[in-house]
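This report concerns only the one structure given below.
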Amino acid sequence: VKELGKNNFQFYTPEMNEAVTRKMKLEIGLRKALEREEFTVAYQPQINVISNEIIGSEALLRWNHPEWGLISPSEFIPIAEETGLILPIGEWILKEACLQNKEWQKQGFEDMRIAVNISSRQFKQSDLIDRVKKILKETGLAPHHLELELTESIIQDSKHAVEKMQQLKDMGIHLSIDDFGTGYSSLNYLKTFPIHTLKIDRSFTRNIFTDSKDASLVETIITMAHNLNLKVIAEGVETIEQLQFLQQKQCNEAQGYYFSHPISAELMSGVLGGRAEG
Ligand code: C2E
Ligand code: CA
Ligand code: CA
Ligand code: CA
């Protein structure tokens, strides 16, 4: 038992010990994962809710360790972020996803767009712009087919965030605010941020029919976004009822298990080609 202050004790339980051990184990594994080619990318389709067409996909990192099996990004991404390993990993997935999207375009799906999550560390890199430029050049992907997903906290934590975003936008890259509505930032920033899209967090979508406050929040976010000339994509759409609600409220795009789980590039090619999902 460690004394932190009056009436404030922190207990080290066996469970905490286990958690620390697991974290260390994962960190050691993560350090080797790139060179051992243990990462893959899963792609989740994004759908235009009016035309019902796939307009692009979000690239989501998957780590399959030979002994430990699949490890969830929500467990290993924070460790990668803490250790800085997210920098080479983030660069890897960005390049991989751009290459794959270019591949789909070559297969005839010319308008396909790829959304990639950018971590805090990555966004803070002083040479971020050059790195992104280099990847676009190497993969041959046109900038307007790339969308970078940033969270409110990433933007708030970074110096010169708006300038950086503006530079990316000037290159033709699309920017979206991920998990929108879960941060604590003031709405005022929306008019100064050079962004294209708000991505409504899954927690709101989930409760559209169970919490009337969430339903009005979703509606309000959509109206506000459109007034600011921003597009809206809803994440975590799992039911047709949720989709119909979003269509009725003029949400532009949607993503979620109702359409498809994140899938391999091969499966995605099949889906795009009109073959049934396996
Ligand atoms: P996120 O960016 O908010 O990604 C959406 C998450 O929701 C994904 O989880 C996706 O599989 C899941 N999801 C999609 N549709 C549904 C649905 O209808 N219902 C439910 N319940 N879940 C749905 P995943 O792949 O486990 O990723 C978790 C988080 O890990 C991501 O949240 C993102 O923050 C982070 N992440 C994943 N890949 C990357 C990456 O390449 N770079 C960075 N920096 N972070 C990543
Ligand atoms: Ca995301
Ligand atoms: Ca999200
Ligand atoms: Ca999320």
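Top mean-square fluctuation among A161, A19, A80, Gaussian network model of the chain, C-alpha springs under 10 Å?
Sorting by GNM fluctuation, first place goes to A19.
Using the basic label-point model (7 angstrom from Cα toward the beta carbon), what is the D130 to E37 distance in nanometres?
3.0
Give me the accessible area per residue for the range 1-132, probe 1.4 Å, as a whole number in Å².
Values: 7430 Å² over 132 residues.
So the range 1-132 comes to 56 Å² accessible per residue, rounded to a whole number.
Please compute, for the alpha-carbon atoms of the chain, the extent along each of the three principal axes and give them in descending order in Å.
Here the spans come out as 59, 44, 41 Å, largest first.
Rounded to the nearest percent, how much of the accessible area of the range 105-245 (1.4 Å probe, protein heavy atoms only) is carbon and sulfur? Please list the in-between numbers first.
Working: 3390 of 6920 Å².
So the carbon and sulfur contribution to the accessible surface is 49 percent.
List, largest first, the extents of the alpha carbons of the range 1-156 along their principal axes, each in whole Å.
63, 38, 35
Taking loop as defined by DSSP and a crowding limit of 14 other beta carbons within 10 Å, which GluC sites (Glu not before Pro) in the range 10-88 fit?
For GluC sites (Glu not before Pro) across the range 10-88 that sit outside H, G, I, E and B with at most 14 neighbouring Cβ atoms in 10 Å, the list reads E35, E37, E53, E67.
Set the Förster radius R0 to 41 Å, insert the Cβ-Cβ distance between M224 and E27 as r into 1/(1 + (r/R0)^6), and round the FRET efficiency to 0.05. Show your work: numbers first, answer last.
Working: r = 41 Å, r/R0 = 1.00.
Efficiency, rounded to the nearest 0.05: 0.50.
Please return the longest range in the chain lying between exposed loop sites, taking trypsin sites (Lys or Arg not before Pro), DSSP loop only, at most 12 other beta-carbon atoms within 10 Å, and leaving the sites out.
Formally, the longest exposed-site-free interval is 37-158.
Given K137/K164; K133/K231; K23/K159, which pairs have Cα atoms separated by over 27 Å?
Too far apart for the 27 Å limit: K23/K159.
Expected output is a single nm value to one decimal: the length gained when fully extending between Q250 and L187, i.e. 0.36 nm times separation in residues minus the C-alpha distance. What is it?
Contour length minus the Cα-Cα distance gives 20.6 nm.
State, in angstrom, two size descriptors of the range 72-169 derived from its alpha carbons: Rg to one decimal place and Dmax to the nearest whole number.
Both quantities, over Cα of the range 72-169: 13.8, 40 Å.
The values are calculated or read from the model by the stated rules, or taken from the named source; none is laboratory data. In this text the structure is predicted, and so the values were computed from the model without any measurement. All Cβ positions, glycine included, derive from the backbone under ideal geometry; neighbour counts span all protein chains shown. Side chains are part of the model used for accessible areas, which takes the heavy atoms of the whole protein and leaves out ligands, DNA and RNA. Shrake-Rupley method; radii C 1.70, N 1.55, O 1.52, S 1.80 Å.
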